[in-house]
Amino acid sequence: MPDELNAQKAFLTWAKSAAVLQTDASQGIARAQRLLAMRYLRGRGVPEDQAIAFYWMQLAAQQHFSLAQRSLGELYENGSGITLDITQASHWYRLAALQGDSIAQEHLQRLAQPKRHDEKGSQSTQQEKPT
């Protein structure tokens, strides 16, 4: 029966599938919560809304869903739907990395590198070479 339901969901339009995701997300299904959050970030089948995206991503991440934890870290790092917060970004990346998420591990390594300012005033994560 579950395979039959998933097969039916596979051919829905963006808007109809967003409604299905909304139902599943409201029932606490972490995967659906993350997918719904991504829909709100991109405006696919729902109006683009970063605050609502953050809400759903946070619910999914709190259920120890590593992909949502990494995604929530990215939202914090970029200030998408929430105030930019590198400490929170690192926290969520670390939780995802502990579950084996290699991209979250790369994000942690990148954030751990010393920052420097180049001639134009923008930050770079590369260290200067001695001259």
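Every number in this text was worked out from the coordinates using simple rules, so none of it is lab data. Everything quoted here is computed from the prediction, not taken from an experiment. All Cβ positions, glycine included, derive from the backbone under ideal geometry; neighbour counts span all protein chains shown.
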| Can you list the GluC sites (Glu not before Pro) in segment 33-95 that are in a DSSP coil and have 15 or fewer other beta carbons within 10 angstrom? | GLU48
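How would segment 10-110 be classified by its alpha-carbon gyration tensor: rounded, prolate or oblate, with rounded meaning a/c under 1.5 and the a/b versus b/c comparison settling the rest? Intermediate values should be presented prior to the final figure.
Values: a/c = 2.29, a/b = 1.68, b/c = 1.36.
The shape class here is prolate.
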| Projected label distance in nm at LYS16 and ALA51, using a 7 Å step from Cα toward the beta-carbon | 3.2 nm
| How many nm separate the modelled label positions at THR23 and ARG42, each set 7 Å beyond the Cα in the direction of the Cβ? | 2.2 nm
